[in-house]
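Please treat every number below as a calculation from the coordinates, not as lab data. These figures come from a predicted structure and were not determined experimentally. So basically every Cβ, Gly included, is an ideal-geometry build from the backbone, and we count neighbours across all protein chains shown.
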Amino acid sequence: MKIIKDPVHGDVEVGEAALTLLDSPLLQRLRHVRQLGFASLVYPGANHTRFEHCLGTMHLASLLCRHLGLPRPDADLITVSALLHDVGHGPFSHASETFMVEMMDRSHQDVGPLLREEPTAGLIARCGLDLEEVAAVIDGSHRYAGIIHGDLDVDRMDYLLRDAHYTGVPYGIVDAARLIRSIVPTENGIALDQGGINAAESLLIARTLMRPVVYYHHVSRIATSMFHLALLSHIEGSEDAVEDLMLMDDDALFTRLLSSPDRTARMLGRRLYGRELYKRAVYVGRSQVNAAAVQGRTTVAESRRIAAAIAGEAGVDEETVLVDIPPFPSEMSMEVRVRGRDGLVGLEEVSPLLATLNETRREQWRLGVYTLTGQRDEVERAAVDVLHIKKPTRQYRLPI
């Protein structure tokens, strides 16, 4: 066993099974992949990594296994899976997820091919674990998968606490200890005992408040959109395969963009490096757009087609217009085991707060069109025409 000091959880115990994989190349790469992508351009302290988060998730998973009284083989399976659960992330974490999904047809949770490579496969075998079971826990198909990513999971508990700590934003505080004590086993996985309802509500509130302030902050969205166009331009203008780029860490990919044979990739890379970001021309909520229509146009390729149309209408260069159409947020839900009743009920049946939070999340959604400072007015007019946007209110046109 090894003890690692963590700024969020204090002493983190790394058991023998997890310790076997701790120094593996697959996991050590995560020391160089930022947890929050480009959020450090907003919050200078947000330079924490996926490696730290994986350690924290493993720690909380270990505490939960102990609370549930799981046998050693099951606990090893869960803690090792928690430690490895983010090894499938590309550079800058979720900022590159779009390329993995659209161009490789896999998400960061589809880690089976990575785990089957050496030395990782041999290390998992040395732990006495089945590689396919580890992959199943991580991809969500195992009966224990809900511990790591589900309605109530240790992954979410850690990233909310960790992201709040490093950004300095106080909205992500979660009572992880109380939540873990309130989790009970069920036939299909885990659920929450009635005594943990308030702690569960605080987690859902934290998710809701952190979303616009950290995860979907407009500066992060602008930087991510610039990164998307830079990476797309580099892929189209070079011989690099997407699969190889997604195996890089942040610095390696950023260096590749700065030296790209493509002019647009180099230009955007330099702007990101110097924080010379595009500005908001349009930034509107769902009430100002045809929500059903725009939700079918969220791919990178479709965003570029819309950007080209806006640029043509505005009479500006295509690479100076970015269109950002995030998917609508999914509904939050949570199964709760209520004492004195048979079976499980949804949290919304015992807490009126959930419906309010889900509506708040829907209202937080924003469509963004970004461009250079000197051409914001022309791009705004063109975007309003192309996307049939209702006249933006002035609150969405404040300078950055």
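The table below lists the values:
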{"item": "Normalised alpha carbon radius of gyration of segment 160-224 [divisor 2.2 N^0.38 Å]", "result": "1.35"}
{"item": "Interchain or long-range residues, amide H under 5 Å from Thr49's placed H", "result": "Gln35"}
{"item": "Most mobile of Thr356, Thr208, Thr120 in a GNM of the chain (Cα contacts under 10 Å)", "result": "Thr356"}
{"item": "Isotropically averaged projected area of segment 2-215, using the convex hull of Cα atoms (one quarter of hull area), nm²", "result": "11.3 nm²"}
{"item": "Integer Hz, Karplus 6.51/-1.76/1.60 couplings in order for segment 223-232, x for Gly and Pro", "result": "4, 5, 5, 5, 4, 4, 5, 4, 5, 4"}
{"item": "Cleavage-rule hits, trypsin sites (Lys or Arg not before Pro), segment 16-123, DSSP coil, Cβ neighbours within 10 Å at most 15", "result": "Arg116"}
{"item": "Most fluctuating residue given options Met226, Met58, Met334, as computed from a GNM of the chain linking Cα atoms under 10 Å", "result": "Met334"}
{"item": "Summed side-chain charge close to Tyr215 - residues other than Tyr215 whose Cβ falls under 10 Å, Lys, Arg +1, Asp, Glu -1", "result": "+2"}
{"item": "Environment charge at Tyr144 (Cβ cut-off 10 Å; Lys +1, Arg +1, Asp -1, Glu -1)", "result": "-1"}
{"item": "GluC sites (Glu not before Pro) within segment 228-329, DSSP loop, no more than 15 other Cβ atoms inside 10 Å", "result": "Glu239, Glu276"}
{"item": "Computed log₁₀ I(q)/I(0) - Debye formula, equal Cα scatterers, no solvent, the chain, q 0.09 Å⁻¹", "result": "-0.58"}
{"item": "Largest to smallest principal axis extent of the C-alpha atoms in segment 183-290, angstrom", "result": "58, 36, 29"}
{"item": "Distance between segment 206-272 and segment 4-62 - C-alpha centres, whole angstrom", "result": "22 Å"}
{"item": "Which of Ile147, Ser233, Leu387, positive extreme of dipole for the chain (C-beta unit charges)", "result": "Leu387"}
{"item": "Within the chain: Cβ-based charge dipole about Cα centre, in debye rounded to nearest 20 (Lys, Arg +1; Asp, Glu -1)", "result": "1520 debye"}
{"item": "Straight-distance crosslink candidates among lysines, where the alpha carbon sits under 28 Å from Lys390 and sequence neighbours closer than 8 are dropped", "result": "Lys279"}
{"item": "Helical contribution to [θ] at 222 nm, DSSP H n ≥ 4, -39,500 (n - 2.57), averaged over the chain, rounded to 500", "result": "-14000 deg cm²/dmol"}
